[in-house]
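I have placed the structure first, in the form of structure tokens, so that the comments after it can refer back to it.
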Amino acid sequence: PVANQGRVVVYAVGGLEAVGGYVQDAGSTELRGGRLASVRGIEVRSGSLSGAGLISGSVTNAAVVRAGDPSGPLRVAGDFHQSAAGRLVMSALRTPASREQAPLEVWGEVFLEGTLKVTSPPGIAWEAGDRVALVTSDRLRGGLDQLELPPLPSGVHWEVEATAGAFHAVVAAGESEPRLSMVTAPGKPPRLRLSGALPLEVGVEVSTDLVTWTALPSRLEFSDDGVGVGGLPEFLSAESVFFRTVTRR
């Protein structure tokens, strides 16, 4: 495989094909409109992979991937898997719904763990109703341990939406108001959905007797029916289950 420990830049006028695999051990790989290809996949073990262009092959991230830039998205023709040690960084772009484009477009499955950090370009005044595409894919799975979104002015707050293959951040009016609901689907265990607030900013506790409360894991989990809070199934054998939210400081 090609093992990069320095700096590699892939320009639009050319490309780089690594037949035996491509491993980022240190340093950086930057796509500036070019194509990075490997049938055996691209591994980001350390350092960073960044920019806009096309990656032909699956990507495994255990370090830092900076997806997209003002010239366009980072496209992956394959799967994108990020481990708990990985960090995905992108810039939020406010675009009309008719031209909505995510910084990371994956023509395969996305499995996200670890951290997703979204920054905001200078000069954007976020307003209620603004909707930002973050990731599009054929299927979205996994669960984030940390989600960082740009700061907002008073009177509005971030909410997140997920479908089977896309992840969005939405600016909603008013202050954050956590709402809990149970989601059931045939053949699947019930899930707890938190709306009206960012799941990682609100703690969820569960009790079977209203005396002893147990905090559910602080994870934003993806599934085919949206985003939810993890750790619920072990409590479902009880006759009654109670939930409450706790604001994290």
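The values are calculated or read from the model by the stated rules, or taken from the named source; none is laboratory data. None of the values given here were measured: they were computed from a predicted structure. With ideal geometry, Cβ positions are generated from the backbone for all residues, glycine too; neighbour counts draw on all protein chains shown. Note: accessible area is taken over every heavy atom of the protein model, side chains too, but ligands, DNA and RNA are not part of it. Shrake-Rupley method; radii C 1.70, N 1.55, O 1.52, S 1.80 Å.
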Over the stretch 110-153, the set of residues touching a Ser or Thr at 6+ places or on another chain (Cβ under 9 Å), under 15 Å from Val65 (Cβ atoms) and among the charged types (D, E, K, R) is Glu113, Glu148
Which one is surrounded by the most Cβ atoms within 10 Å (Cβ to Cβ), of the residues in the stretch 190-226 that are assigned to a strand (DSSP E or B), over 22 Å from the mean Cα position of the chain (by Cα) and at pLDDT 75 or above? Val206
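Being under 21 Å from the mean Cα position of the chain (by Cα) and not hydrophobic (A, V, I, L, M, F, W, C) narrows it down to one of Gly53, Gly20, Gly14, so name that one.
Gly53
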For Ser207, state whether it is over 30 Å from Gly53 (Cβ atoms) and touching a strand residue (DSSP E or B) at 6+ places or on another chain (Cβ under 7 Å). yes
Being of a type in the set (D, E, K, R), modelled with pLDDT of 70 or more and either over 23 Å from the mean Cα position of the chain (by Cα) or at positive phi (or both): is that true of Glu234 here? no
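So which of Ala62, Ala37, Ala85 is at pLDDT 95 or above, more than 24 Å from Glu113 (Cβ to Cβ), in contact with an Asp or Glu (Cβ under 9 Å, 6 or more places away or on another chain) and of a type outside the set (Ser, Thr, Tyr)? Lay out the reasoning, then the answer.
On the way: Ala62 fails: more than 24 Å from Glu113 (Cβ to Cβ); Ala85 fails: more than 24 Å from Glu113 (Cβ to Cβ).
Testing whether each residue is at pLDDT 95 or above, more than 24 Å from Glu113 (Cβ to Cβ), in contact with an Asp or Glu (Cβ under 9 Å, 6 or more places away or on another chain) and of a type outside the set (Ser, Thr, Tyr) leaves just Ala37.
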Taking the condition of being at pLDDT below 85 and outside any strand (DSSP E or B), how many residues in the stretch 157-189 meet it? 8
Please indicate, with yes or no, whether at least one residue in the stretch 169-187 is within 23 Å of Ser83 (Cβ to Cβ) and among the small types (Gly, Ala, Ser). yes
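Consider Ser120 carefully, then state whether it is open to solvent by less than 50 Å² (accessible area, probe 1.4 Å) and under 18 Å from Trp158 (Cβ atoms).
Values: open to solvent by less than 50 Å² (accessible area, probe 1.4 Å): yes; under 18 Å from Trp158 (Cβ atoms): yes.
When the stated conditions are applied, Ser120 passes them.
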Can you pull out the residues in the stretch 123-138 that are surrounded by 17 or more Cβ atoms within 10 Å (Cβ to Cβ) and part of a strand (DSSP E or B)? Val132, Ala133, Leu134, Val135, Thr136
